[in-house]
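Here's the structure we're looking at; comments come further down.
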Amino acid sequence: MKFIDTIKNVFKIEELRSRIMVTLGLLLVYRFGAQVVLPGIDASKLSEFAGKFDAGGIGGLLNAFTGGAFSNASVFALGIMPYISASIVVQLMQIAIPYLQKLQKEGESGRKKITQITRWLTIGICLVQAPSYIAGIQYLGVPPEAFVLGLTPTFYVSSIIILVTGCIFAMWLGEKITDKGIGNGISILIMVGIIAILPQSFVQEVAASPFMMVLIELVIWFVIILLSVLLVLAVRKIPVQYARRTASGGYEKNIFGARQFIPLKLNASGVMPIIFAQALMFVPTALANLPRLRDTEFGQSMLATFSDIFGLWYNVVFALLIIIFTYFYTAITVPTNKMADDLKRSGGFIPGIKPGTDTAEYLDRIMSQITLPGSIFLALIAIFPAFIVKLMGVQQGWALFFGGTSLLIMVGVAIDTMQQINSYLLNRHYDGLMKSGKNRKAVA
């Protein structure tokens, strides 16, 4: 009943209700676009092509990120991954290019310029991926008769334009969800795409496995979800003491120092290391499919190694990338120097640590210490589907949800969205989704 009352309270807040409806509306547009097939392709002849992605593998994972748009030869076939790839490149360049470092320090105006650079780079990446997609679907099971107008230059040009436009439109939808809706729009688009193929994967597992095995798998699945939630929410509390002050306003009054905490998250980077690492894991297969490498022994070896997402070397490289990106993204998103300066200006200090530089070094050391186990735990959950497939023989499509990129994105995005909704409820003096207790009367 408390949960039902909380849901009712969510829709009592006009601004929150409006943001939720905007988010749902834009997601509906995105899901509709994922079913719209490229002009010139007969949708009724794509069954063999779509069937190649039901068994999991690198193609199944890519199809999951696009919510089935990849296997549908949809106008959204490229999904949002080109934008993610562009974001990775831009953030990496911020380390080496002084101009981007300067923009990063300019605040809102600099952030807008960096966003614009990311958008233009997204278009450039789309112009590379779109022709590769059109050429690749011919070798993945789309029969020649499916191309109604034939593989003419007109078809190629029009399809490339539509695919690039579809990706940019999906990027725009994500940004609008972030601005006008609730949660991180780009992450929500990926999460919705993953959830869209979850029922089908589960039904296939039920049809192929005994009932008791399915129950055991569900128990393991819920345990992994619980561990993922703990990873996302775990924090290290750093005690902070504020100096005793005296306030006067016609009289003097002692204000005793208050003891508070700085919550440093075990996984401060969220799901971004997973998304970044997964985007880079698509690069080797793309390179191996280049005409000059496709028929070579090296190209075939690279394709075989990085096409099997449940293989040993794929998961070793994937885990290492996650650990590296966790450190990298944490260093960007947790400015320990700024935290130390803000603490000093507000009259706060960490007991036993001098304010200023010593505090910044202390916070940086603590972040390094908690990021290591956090990144390793994140990497282990990310590669857990490989263990499930090898040890229990789970269907590959269903195994993608036992940890891995899919589950971590769903859990991370769901918690982030719930926290935003929670803040709206608490600001209006309601009980939050993540807090128990009796409802309090709203303050007008």
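Projected label points at Tyr242 and Ile7, each 7 Å from Cα along the beta carbon direction, are separated by 3.9 nanometres. In plain terms, the chain from Val317 to Asp42 could stretch by 95.1 nm, reckoned as 0.36 nm per residue minus the Cα-Cα distance.
For the chain, the membrane-span-like helices by this rule, meaning whole DSSP H stretches whose C-alpha atoms cover at least 18 Å of axis and whose Kyte-Doolittle mean is 0.0 or above, are 14-33, 81-96, 108-136, 153-180, 185-208, 211-233, 272-288, 312-333, 357-392, 404-427; this says nothing about an actual membrane. Each of Thr330, Thr178 was scored by other Cβ atoms within 10 Å of its Cβ. Listed from fewest to most, they are Thr178, Thr330. If R0 equals 51 Å, the separation of the Cβ atoms of Ala207 and Asp364 corresponds to a calculated FRET efficiency of about 0.45.
Each principal axis of the chain carries a Cα extent, and these read 89, 55, 44 Å when sorted largest first.
So if we plug the beta-carbon distance of Gln260 and Val89 into 1/(1 + (r/R0)^6) with R0 = 41 Å, what FRET efficiency do we get, rounded to 0.05? Don't skip to the end; give the middle numbers.
On the way: r = 39 Å, r/R0 = 0.95.
Given R0 = 41 Å and the Cβ-Cβ separation, E is 0.60.
About its Cα centre, what dipole magnitude does the chain give when the only charges are +1 on Lys and Arg Cβ and -1 on Asp and Glu Cβ, stated in debye to the nearest 20? Spell out each step's value before the answer.
Numbers: 36 positive and 24 negative charges, 414 e Å.
So the dipole magnitude of the chain works out to roughly 1980 debye.
Electrostatic tally near Tyr83: other residues with Cβ closer than 14 Å to its Cβ, Lys and Arg +1, Asp and Glu -1, net +1. A convex hull fitted around the alpha carbon atoms of the stretch 210-394 yields 174 Å³ per residue.
Ser132 to Val283: extension gain in nm, 0.36 nm per residue of separation minus the Cα-Cα distance?
On the way: separation 151, 0.36 × 151 = 54.36 nm, distance 1.26 nm.
The span from Ser132 to Val283 would gain 53.1 nm if fully extended.
Placing a pseudo-label 7 Å from each Cα along the Cα-to-Cβ vector at Val29 and Leu226 gives an inter-label distance of 4.1 nm.
In terms of its C-alpha gyration tensor, the stretch 103-199 comes out oblate, because a/c is 1.5 or above while a/b does not outweigh b/c.
Read the figures in this text as sums done on the coordinates, not as results from a lab. Because the structure is predicted, anything quoted here is derived from the model rather than measured. Virtual Cβ from ideal backbone geometry, glycine too; neighbours counted across all protein chains shown.
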